[in-house]
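These notes concern the structure reproduced below.
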Protein chains: 2
Amino acid sequence: MREPPIGDVFGEMIRDAYAVRTGVGPRPLAGGRVPRPVIEVIERDDGLINGAPADHYLGEPDEWQPHDHRALRLCRGHVLDIGAGAGRTALELQRRGMAVTGLDTSRGAIEIARRRGLRDTVINTVDAYASASARYDTFLLLGNNLGLLEGPERAPVFLRALAQLANPGARIIAQGTDPYGTTDPVHVGYHRHNRERGRLGGQLRLRLRYRLLATEWFDYLNCSPAELEQVIAGTPWRLKSIDADDHPYYLAIMELAG
Amino acid sequence: MREPPIGDVFGEMIRDAYAVRTGVGPRPLAGGRVPRPVIEVIERDDGLINGAPADHYLGEPDEWQPHDHRALRLCRGHVLDIGAGAGRTALELQRRGMAVTGLDTSRGAIEIARRRGLRDTVINTVDAYASASARYDTFLLLGNNLGLLEGPERAPVFLRALAQLANPGARIIAQGTDPYGTTDPVHVGYHRHNRERGRLGGQLRLRLRYRLLATEWFDYLNCSPAELEQVIAGTPWRLKSIDADDHPYYLAIMELAG
């Protein structure tokens, strides 16, 4: 097998998931007639491959996890929804009359978010956007987007970019997953292998695939709250509190230090 | 990425799907708590990758496609369910008091079929089993298992093996899919590419993946009824009728010629 071409995997997938959910637009069908759910394929660098239904990226509030609702209640001021995807949470903040900007690197996902009514959108990386003049009071990283910190090397760079975009008193509200509760030998062995090569146990190396396309390989961080505290040490942010009511999922609330 | 190791992909997947459906036994969980459906990952040799929920392999009769029910009404005598998997259809025939043998190459799938109560099972290929002394009146190939004919070269070998296992008057009841109704350019292009290299348009080259394992690459035939008629010409079988009520899916009923 040749390597699949690199492309906007997330955008293509979200576009199809939106077509399946709404019944509008062309969508892939199994054989022709039986509706086929859109599946995100996730490869890990130990060879593990997993599929997961993509429809949750379009979930309405009554389909959300409880921590999503608690996260939204913590938002204040102007919100930057980072990795906004199809606008799941940004649209709800907008409905509530809040000032919210949806940022994503996926052109296709932002196109769907706009089609669903999200008005203020940015297609960019956090790093490049940090030179913009916009300022925010809340940075929202839901849908496990704490993972975008990637790892101990990338996290300070990412967090400095957010500090550049921050109003005084700004907060980060990020949903993460503590990966260490599992007893699955495939995951336990992967965590050990990661540590042996100087990475955090849950510092996943992944790529996404959808139909003909793949992403580049990227790091994605699942870490414990204790690891998070170490990862952000020395950055402009400090950990204010952890909401672990939905363990192993948690909300980390960070605020500008000093 | 190194190539994934070859193993009983289907068996591992069915075991997990059974654990998820019944709530019994260890099962992979997303992050730990949110139930994760078991997904079959299918790679095609043009780089297309698709995921499909695996739960349908365990579907009870009220979850079946209509043609499955029509196929079972056509069974008579001793039935060999080929590619019986987790025993979905064989178990229902057994419940109805029919003599049925479930054959599959997957040790893991047959293990689940037996755990679900299927009494008469064979772990073997059709070719190797053809030298056995058993004889059957109906060969059942449901769940798109007409695809096991693979293509014009393999089909006569496969069908001769079934003829060896056949009582006089035996029939094959096989569910296939006509692939040519699609307008999806990815599929239309693949059909054209297949024809250019001397294959039938819907002669798929696939491998399955589940977690750490992959199958070898294999051919799997989606063909129109007209192509099927050509593929079986010169074999001991002739096409008796096609039930195309659930187009693009169809039931092909074949009987021993002469």
Considering only region A:77-114, how many residues are farther than 12 Å from A:G143 by Cβ and of a type in the set (A, V, I, L, M)?
11
Select from region A:201-225 the residues that are touching a Ser or Thr at 6+ places or on another chain (Cβ under 9 Å) and in a loop (DSSP other than H, G, I, E, B) and write down the one among them that is most open to solvent (accessible area, probe 1.4 Å).
A:N222
Counting only residues in region B:236-251 that are away from every other protein chain (no Cβ under 14 Å) and open to solvent by 10 Å² or more (accessible area, probe 1.4 Å), the one farthest from B:C223 (Cα to Cα) is identified as B:P236
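Of the residues B:H69, B:H78, only one is open to solvent by 30 Å² or more (accessible area, probe 1.4 Å) and more than 26 Å from B:D245 (Cβ to Cβ); which?
Every option except B:H78 fails the conditions.
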Quick test for you: out of B:D45, B:D81, pick the one residue that is within 13 Å of chain A (Cβ to nearest Cβ) and either touching a residue at least 24 places away in the same chain (Cβ under 8 Å) or under 17 Å from the mean Cα position of the chain (by Cα) (or both).
B:D45
When you go through (1) under 25 Å from A:R211 (Cα atoms); (2) touching a helix residue (DSSP H, G or I) at 6+ places or on another chain (Cβ under 7 Å); (3) β-branched (V, I, T) one by one for A:V126, which number turns out not to apply?
(1)
Contacts under 6 angstrom Cβ, first residue in region A:151-177 being open to solvent by 50 Å² or more (accessible area, probe 1.4 Å), partner assigned to a loop (DSSP other than H, G, I, E, B), 6 or more apart
A:Q164/A:A130
Suppose we filter region B:56-69 for residues that are free of Cβ contacts under 8 Å to residues at least 40 places away in the same chain and more than 15 Å from the chain's Cα centre (by Cα); how many remain?
5
Given B:P35, B:P53, which one is within 11 Å of chain A (Cβ to nearest Cβ) and at pLDDT below 95?
B:P53
Report, by residue number, each residue of region B:107-144 that is surrounded by 20 or more Cβ atoms within 10 Å (Cβ to Cβ) and closer than 19 Å to B:I232 by Cβ.
B:V126, B:Y136, B:T138, B:F139, B:L140, B:L141, B:L142
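The values are calculated or read from the model by the stated rules, or taken from the named source; none is laboratory data. Every value quoted in this text rests on a predicted model; they were computed, and no experiment measured them. Ideal geometry is used to build each Cβ from the backbone, glycine not excepted, and the neighbour counts take in all protein chains shown. Just the protein is used for accessible areas: all its heavy atoms, side chains included, with ligands, DNA and RNA removed. Shrake-Rupley method; radii C 1.70, N 1.55, O 1.52, S 1.80 Å.
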